[in-house]
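Read the structure below first, then the notes.
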Number of protein chains: 2
Amino acid sequence: MSEIRQDRTNGEWVIIAPSRGERPHARVLADAKTPRLAIDPLCPFCPGNEDQLPAIIDEYSSPEAPGWHTRVIPNKFPVLSTARQVPSDRLQSGYGNHEVIIETPRHDIDFADMSADCSEAVVRTWHHRFGAALAIPGIEAVMLFRNRGNLAGASLGHAHSQIVALPFVPPRLRSTLDWEYAHFQTSGKCVVCEETERELESGKRVIECTERYAILTPFAAQRPYEQWIVPRRHTPSFAMANADDLAALSDTLQNALARLRNAKGELSYNLVLEPGSLDSEFAPAAHWSLRVVPHLTNPGGFELGTGMVINPSSPERDALHLAQSWG
Amino acid sequence: MSEIRQDRTNGEWVIIAPSRGERPHARVLADAKTPRLAIDPLCPFCPGNEDQLPAIIDEYSSPEAPGWHTRVIPNKFPVLSTARQVPSDRLQSGYGNHEVIIETPRHDIDFADMSADCSEAVVRTWHHRFGAALAIPGIEAVMLFRNRGNLAGASLGHAHSQIVALPFVPPRLRSTLDWEYAHFQTSGKCVVCEETERELESGKRVIECTERYAILTPFAAQRPYEQWIVPRRHTPSFAMANADDLAALSDTLQNALARLRNAKGELSYNLVLEPGSLDSEFAPAAHWSLRVVPHLTNPGGFELGTGMVINPSSPERDALHLAQSWG
């Protein structure tokens, strides 16, 4: 049973989830560099090991064996759960939802290696489950992320992503939406559209620009080789992406991950979907995007103490290297 | 040359410090579990290797060879520097200061293993350099931290701590001070004093209580086995700790680190000094403390996206284990 606790001395929020300490880290610790079998008999996400899954919520079917592209299952060690009633003080309970998306039947490939069909199935599954999570009663924000490699927090090596539905808007999203709203109030513009435009003009941090997306290193990148995939069309929420947006996202993300691997080799990384907002008040100001955050550094006490990050790299140099690392 | 950059799309701050990418990670990567020599000829912090140091700012002398307890040097790869004039827009420059405190001439011991004399010399050096950093023109906050082991961000194995002087109050300290101030305005009380009192009464998360300090696991602990060393007397800033406070802090911290090692073995950890404030406006509301943050988990995409932390442990269970792990 998890609890959402606020530190009374500084207002920061923490999810206390003791059952997650039991996750299968020790048994199948997945380093991004370890070569893997196509089917691993010990992996709960591989076909044939369905008895190790808590349940199957959804499948995206495939004409080829084993009959599915992607699967959606409940997280076996959820940080939040809908199993309880929504209590009067929702923030103190662990109410919410936590799903895992198994991205492929194959144990040995990552998103960058999938066929276009398979990677598009993943992105469509994200979109579908993102919408389903938003529709759960009492849910106010949905976070979609992907941990690849144990340094990035993954406890299993089989390609998967996660969707957590929260009964409140989490601190970072809250401050992002407030920031975007304030910018719109004073300038009449979406700050993400404006910033992307500025980046494309300067060209200093542009990795690639396609019809629908810009791939950039952020001006204030938090990590070396961080990439930001931002829709060029103003789109307030990921829920509002259309079929063409999703197909192009799958392609653009494969591109970004291939560039990262060409530039730095296999490594642990996180994907973080900045969800934007469906709230009509925020619609002209909010703008979804996707961040690719590689694990090349270990943040230390400075980051813990200040709430700031030190990036020991140059976003301009990283962008140049990534721009030259295609194919 | 470092820069402090604000992400225009969400207001978050990042220090871009490309020269830190050149730190000696690869050559002398220090895992907390690797046994070490008493003097390592390759270690720049060991006696006899002074030619590898950029300079020696200060020494705390010792009657025994090599004649010093602790040394203070400039960080060779500073995240901030006073080498430039304070420009008109201070936030955009990398103005500040970054010192390293070499805590002992011996390469093979950590804080927990030092004699009482040696550990007290470390804490006194912290206090002295903390005050010196606050006195630098244009400095508004001083962060003191210690990274132990490479998972905790250390690039060298020799026991050391760091002091960064910032030309502004960083986001987390800003929100902590604002929070404490708001609490004082409504209740007339210091929230840290109040919270410590409440914890000592409930006893659920108390590891130990001495004359001057309480050792607790925080109610909303961010990591498994996190410990909070909090002065029982209301003290707004670490700069206001007196000689007896410092001697007791050295003793209490050795106690906390020994408990951690007894409970979980050798591991990487961070120390973070919550500095409090010398500002007279904040004096009745602010309260310094010291956090011991072990590295037992790898935060992933959820933490990056939400700005919240998932602690896969129970602070109550951790406190019990640490309370029973003495001696």
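Surface exposure of the protein assembly as shown, expressed per residue as accessible area with a 1.4 Å probe, stands at 38 Å². Taking 7 Å steps out from each Cα toward its Cβ at B:E64 and B:E201 produces label points 4.6 nm apart. The H on the amide N of A:A141, modeled in the peptide plane, is under 5 Å from the matching H of A:L166, A:F168, each at least 5 residues off or on a different chain. Summarising the strand pairing of the protein assembly as shown, around 90 percent of its internal DSSP beta bridges are antiparallel. Would you mind classifying the range B:172-323 by shape? Square roots of the alpha carbon gyration tensor eigenvalues, ordered a ≥ b ≥ c; an a/c under 1.5 is rounded, otherwise it is prolate if a/b is larger than b/c and oblate if not. Cα axes put the range B:172-323 in the oblate bin.
Could you please state, rounded to a whole Å, how far the C-alpha centre of the range B:288-325 is from the C-alpha centre of the range A:302-327? Cα centroid to Cα centroid, the span is 26 Å. How large is the dipole of chain B about the Cα centre if only Lys and Arg carry +1 and Asp and Glu carry -1, each at its Cβ, rounded to the nearest 20 debye? My answer is approximately 640 debye. Classify chain A as rounded, prolate or oblate from the Cα gyration tensor: take a ≥ b ≥ c as the square roots of its eigenvalues, call it rounded if a/c is under 1.5, otherwise prolate when a/b beats b/c and oblate if not. Because its axes are fairly even, with a/c under 1.5, chain A counts as rounded.
The antiparallel fraction among DSSP beta bridges confined to the range A:3-168 stands at about 95%. The solvent-accessible area of A:L257, taken with every protein chain present and a 1.4 Å probe, is close to 10 Å².
Ordered from highest to lowest accessible area with the whole protein assembly present and a 1.4 Å probe, A:T297, A:T104 read as A:T297, A:T104.
Annotation note: chymotrypsin sites (Phe, Trp or Tyr not before Pro) in the range A:251-327 located in DSSP loop regions with a Cβ neighbour count of at most 14 within 10 Å are A:W326. For B:W68, nonlocal amide neighbours, meaning residues 5 or more places apart or on other chains whose placed amide H falls under 5 Å from its own, are B:S62. Taking 14 Å as the straight-line reach from the Cα of B:K76, the aspartates and glutamates in range (excluding those fewer than 8 positions away in the same chain) are B:E22, B:E50, B:D51, B:E99.
The relative contact order of chain A, computed from alpha carbon pairs under 8 Å that lie at least 6 residues apart in sequence, is 17 percent. Each residue of the range A:125-132 was assigned a 3J(HN,Hα) from its phi angle through the Karplus curve 6.51 cos²θ - 1.76 cosθ + 1.60 (θ = phi - 60°); the sequence is 5, 3, 4, 5, 6, 4, x, 5 Hz, with glycine and proline shown as x.
A dipole drawn for the protein assembly as shown from +1 and -1 charges on Cβ atoms has a positive end, and of A:L144, B:F168, B:M240 the residue lying farthest that way is A:L144. Counting only protein chain heavy atoms and rolling a 1.4 Å probe, the accessible areas of B:L273, A:L200 rank, largest first, as A:L200, B:L273. Of the heavy-atom accessible surface of the protein assembly as shown (probe 1.4 angstrom), what whole percent is carbon and sulfur? It is 52 percent, rounded to a whole number. Considering only alpha-carbon pairs that sit under 8 angstrom and 6 or more positions apart, the relative contact order computed for the range B:38-138 is 26 percent. Mean per-residue shielding of peptide A:289-301 is 5, counting Cβ atoms of other chains within 10 Å of each Cβ. Using a probe of 1.4 Å, the accessible surface attributed to A:S61 totals some 90 Å² when neighbouring protein chains are kept in position.
Each label was represented as a point 7 Å from its Cα along the Cα-to-Cβ direction; for B:H234 and A:L320 these points are 5.6 nm apart. The GluC sites (Glu not before Pro) of the range A:221-307 that DSSP puts in a loop, and whose beta carbon has at most 11 other beta carbons within 10 Å, are A:E281.
Surface listing: B:E12, B:E103 arranged by accessible area from highest to lowest gives B:E12, B:E103, probe 1.4 Å. Just check the range A:3-168 against the gyration tensor rule for me: Cα atoms, a ≥ b ≥ c as the square roots of the eigenvalues, rounded for a/c under 1.5, and otherwise prolate or oblate depending on whether a/b exceeds b/c. Note, shape of the range A:3-168 comes out prolate. Across peptide B:310-318, the average count of Cβ atoms from other chains found within 10 Å of a residue's Cβ is 6. 3J(HN,Hα) along the range B:267-284, derived from phi through the Karplus expression 6.51 cos²θ - 1.76 cosθ + 1.60 where θ = phi - 60°, amounts to 7, 6, 8, 10, 9, 10, 7, 7, x, x, 8, 8, 4, 5, 5, 8, 3, x Hz, with x in place of Gly and Pro. Straight-line reach from B:K204: taking Cα to Cα under 19 Å and skipping same-chain neighbours fewer than 8 places apart, the aspartates and glutamates in range are A:E3, A:D7, B:E194, B:E195, B:E226, B:E316, B:D318. Taking amide hydrogens as placed 1.01 Å from N in the peptide plane, the amide H of A:D40 sits under 5 Å from those of A:H107, each at least 5 positions away in sequence or on another chain.
Chains B and A together bury roughly 5900 Å² of accessible area, counting both sides, with a 1.4 Å probe on protein heavy atoms only.
The values are calculated or read from the model by the stated rules, or taken from the named source; none is laboratory data. No experiment lies behind these values; they were computed from the predicted model shown. Note that we place each Cβ from the backbone using ideal geometry, even for glycine, and neighbour counts take in every protein chain shown. Accessible surface areas use protein heavy atoms only, side chains included; no ligands, DNA or RNA. Shrake-Rupley method; radii C 1.70, N 1.55, O 1.52, S 1.80 Å.
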